[in-house]
Amino acid sequence: MADPMRIRAQAAGDKTTVRVLMSHEMESGQRKDAAGKIVPAWHIQEVEAKLNGKSVMTAEWGASVSKNPFLQFNVKGAKAGDKIAVTWKDNKGDTRTDEATVS
Amino acid sequence: MRMTRALPLMVWAALGSMSAMAQKTAVQSIEEYRAMLQDGNPADLFEAKGEDLWKQKRGPKNTSLEKCDLGKGPGVVKGAFVELPRYFADTSKVQDLESRLLTCMETLQGLNATEIAKTPFGKGEQNNVTALATWIAAESKGMKFNLPQAHAQEKAFYEVGKRLFFQRAGPHDFSCSSCHGQDNTRIRLQDLPNLTKNPGDGVGFAAWPAYRVSNGQMWGMQQRLNDCYRQQRFPYPGFASDATVALGMYLGVNSKGSASVAPAIKR
């Protein structure tokens, strides 16, 4: 089971800034281990953010995104108390969803 | 002939330094880069993990670490980090944060401290020690270092740490002070704090544990010291050994009054 994300969402007027920190190895599939064998790729492929259950952002990620990635985006029209949920899915089929409340 | 050749070179050198003055200095650019990283410091993830580990019942005795005495009484975490290393009466030893955690993990949880100390960094229980240290350090963020120096052992450790800091050895005839004994030096783009005096807020001893962006690893002070010794081509010091604690004591006492920024983020 993957470790939890840290999500912060701060509203300022009409604009809400969402900051997400994900815990993931993000192995590119290009590296070799001590024995010279390629370390298999293992990274997040899909990211989706929902505001009160409605999809507001989707992203397709690849091997070039860093380990423990940080994602920041803005949402229009979110109010304090609204729920922001972020889901990622990696190439091994593992997935994780975490939720935060807009403040 | 020699004069005329030298002259144009000097002019170029002067022009070069003038244009550099108009631009940002390397240090300023690095500061900007660090500020950009600061907002999403993955150390937060390790901090959360450490807090869970502190409260979680683990080990053969199935207990949490909530009764662990880090120097300010059992279970007191806030402010403990800025007063370590210090002398502990129950173990009759001067201990730093990581060696104290090993003691607690052994006495409270029944885990084998010797085994953990022998585990390489980044593996098994070592990851848990680092996460715990990250959370404990974070609980004292912004507080000022004030290591106790009342006990004779604490004074002795400071003196030993000082000796180790200046001891030159190894194939490169290096000491800690070779890199950390002067102001305004760096290795490539990394500033090297002068650790023989107070380096100031959030520098040197007041900046570890830290997350290293380049390798995606969380490092505690023990690993920082271990890697300094690797770079000096010394044999690796034992994890939580008296030598590393003594060095920590020297650096920590020198940092008196500096505000801690740990867990920090590094290149």
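Take the stretch B:43-266, drop everything but the C-alpha atoms, weight them equally and run the Debye formula without solvent; then report log10 I(q)/I(0) at 0.17 Å⁻¹ to two decimals.
Here log10 of I(q) over I(0) equals -1.27.
Do you know the relative contact order of chain B, to the nearest whole percent, from alpha carbon pairs under 8 angstrom that are 6+ apart?
23
If you find the alpha carbon centre of the stretch B:55-86 and of the stretch A:34-69, how far apart are they in angstrom?
36
Quick check: net charge around B:T63, other residues with Cβ under 12 Å of its Cβ, Lys/Arg +1 and Asp/Glu -1? Don't skip to the end; give the middle numbers.
Working: positive: B:K55, B:K57, B:R58, B:K61, B:K67; negative: B:E66, B:E106.
Result for the local shell: +3.
Do any trypsin sites (Lys or Arg not before Pro) in the stretch B:73-163 lie in a DSSP loop with no more than 14 other beta carbon atoms within 10 Å, and if so, which? Kindly include the intermediate steps, with their values, before the conclusion.
Working: sites: B:K78, B:R86, B:K93, B:R100, B:K118, B:K123, B:K141, B:K144, B:K155, B:K162, B:R163; in loops: B:K78, B:K123, B:K141.
Listed in order of number, the matching sites are B:K78, B:K123.
Mind checking the mean number of beta-carbon atoms from other chains within 10 Å of the Cβ atoms in B:180-189?
Working: counts 0, 0, 0, 0, 0, 0, 0, 0, 0, 0.
Shielding by partners across B:180-189 averages 0.
Classify the protein assembly as shown: rounded, prolate or oblate, from the alpha-carbon gyration tensor (a ≥ b ≥ c, eigenvalue square roots; a/c under 1.5 rounded; otherwise prolate if a/b is larger than b/c)? It would help to have the intermediate numbers written out before the result.
Details: a/c = 1.72, a/b = 1.09, b/c = 1.57.
Cα axes put the protein assembly as shown in the oblate bin.
Around B:S258, what is the net charge, scoring Lys/Arg as +1 and Asp/Glu as -1 over all other residues with Cβ under 10 Å from its Cβ?
Numbers: positive: B:K144, B:K256; negative: B:D201.
Result for the local shell: +1.
Find which of B:G204, B:I30, B:I265 sits farthest along the positive direction of the dipole of chain B, computed with +1 on the beta-carbon of Lys and Arg, -1 on that of Asp and Glu, about the Cα centre.
B:I30
Apply the a/c threshold of 1.5 to the C-alpha gyration tensor of the stretch B:106-217 and tell me whether it is rounded, prolate or oblate. Show your work: numbers first, answer last.
Numbers: a/c = 1.44, a/b = 1.32, b/c = 1.09.
It is rounded, given that a/c, with a ≥ b ≥ c, falls under 1.5.
Using only the Cα atoms of chain A, build the gyration tensor, take square roots of its eigenvalues as a ≥ b ≥ c, and label the shape rounded, prolate or oblate: rounded if a/c is under 1.5, else prolate if a/b is larger than b/c, else oblate. All intermediate terms of the calculation are to be shown ahead of the outcome.
Details: a/c = 2.85, a/b = 2.68, b/c = 1.07.
It comes out prolate by the Cα gyration axes.
Can you give the calculated 222 nm mean residue ellipticity of the protein assembly as shown, where each DSSP H run of n ≥ 4 adds -39,500 (n - 2.57) and the sum is split over every residue, rounded to the nearest 500 deg cm²/dmol? Walk me through the intermediate numbers first.
Numbers: 10 runs with 123 residues, N = 370.
Value at 222 nm, helices only, nearest 500: -10500 deg cm²/dmol.
Here, each number is a calculation from the coordinates, and none is a lab measurement. Since this is a predicted model, take the numbers as computed values, not measurements. All Cβ positions, glycine included, derive from the backbone under ideal geometry; neighbour counts span all protein chains shown.
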